[in-house]
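The values are calculated or read from the model by the stated rules, or taken from the named source; none is laboratory data. In this text, all values refer to a predicted model and were calculated from it rather than measured experimentally. Note that each Cβ is placed from the backbone with ideal geometry, even for glycine, and that neighbours are counted across all protein chains shown. SASA here: full protein model, heavy atoms, side chains in, ligands and nucleic acids out. Shrake-Rupley method; radii C 1.70, N 1.55, O 1.52, S 1.80 Å.
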Amino acid sequence: VQLQASGGGLVQAGGSLRLSCAASGRTSKDYAMGWFRQAPNKGREFVAATTWSGRITYYAPSVEGRFVISRASAKNTVYLQMSSLRPEDTAVYHCGAQDEYGKDLMQGASYRYWGPGTQVTVSS
């Protein structure tokens, strides 16, 4: 499975962006998908995740109420709608996919597939 994230950019604090992550390849399988981010000189941080069906979602406390993760009806694209952005949201955002049941979707180690990230910069 190949993942491609897009939608990053430069935005002022309080603004919004929508990230997309498109999966290609063996998309006939059931994949849970998640977003993680990494700021300069910091480790990878969980942001949001969704099960294959899209019915169950998870959020980091720092983004809950501001970010919304969702899946396209075809299931092979996941979105991250980011609102009320803050300078501390500045990071490279990566999407991941995994196909094993029972894995903790808030842990990066649970994901088998990763795509190149997209830069999000929030100015104050």
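All but one of (1) touching a strand residue (DSSP E or B) at 6+ places or on another chain (Cβ under 9 Å); (2) farther than 20 Å from Val11 by Cα; (3) free of Cβ contacts under 8 Å to residues at least 60 places away in the same chain hold for Gly96; state the number of the condition that does not hold. That leaves (3) as the condition not met.
Look at segment 13-44 and say how many of its residues are assigned to a strand (DSSP E or B) and within 18 Å of Ser83 (Cα to Cα).
Residues meeting the conditions: 9.
Restricting the search to segment 91-118, which residues are under 15 Å from Glu45 (Cβ atoms) and either open to solvent by 30 Å² or more (accessible area, probe 1.4 Å) or touching a helix residue (DSSP H, G or I) at 6+ places or on another chain (Cβ under 9 Å) (or both)? Residues satisfying the conditions are Val92, His94, Gly96, Asp104, Met106, Gln107, Ala109, Trp114, Gly117.
How many residues does segment 2-12 contain that are farther than 10 Å from Gly96 by Cα and either of a type outside the set (A, V, I, L, M, F, W, C) or in a loop (DSSP other than H, G, I, E, B) (or both)?
Number of matching residues: 5.
Checked against the criterion of being touching a Lys or Arg at 6+ places or on another chain (Cβ under 8 Å) and open to solvent by less than 50 Å² (accessible area, probe 1.4 Å), segment 14-28 contains not a single residue that satisfies it. Entry remark, segment 69-96: residues being closer than 18 Å to Tyr31 by Cα, out of contact with any Leu (no Cβ under 6 Å at 6 or more places or on another chain) and of a type in the set (A, V, I, L, M, F, W, C) number 3 in total.
Can you find a residue in segment 13-36 that is among the small types (Gly, Ala, Ser) and closer than 14 Å to Leu105 by Cβ? Spell out the reasoning first.
Keep residues of segment 13-36 that are among the small types (Gly, Ala, Ser), which gives 13-16, 20, 22-25, 28, 32, 34.
Restricting the remaining residues to those that are closer than 14 Å to Leu105 by Cβ gives 32, 34.
Among the residues of segment 13-36, at least one is among the small types (Gly, Ala, Ser) and closer than 14 Å to Leu105 by Cβ, which makes the answer yes.
Is it true that some residue in segment 115-122 is closer than 24 Å to Gly9 by Cβ, among the β-branched types (Val, Ile, Thr) and without any contact (Cβ under 8 Å) to a residue 60 or more places away in the chain? No, every residue in segment 115-122 fails to be closer than 24 Å to Gly9 by Cβ, among the β-branched types (Val, Ile, Thr) and without any contact (Cβ under 8 Å) to a residue 60 or more places away in the chain.
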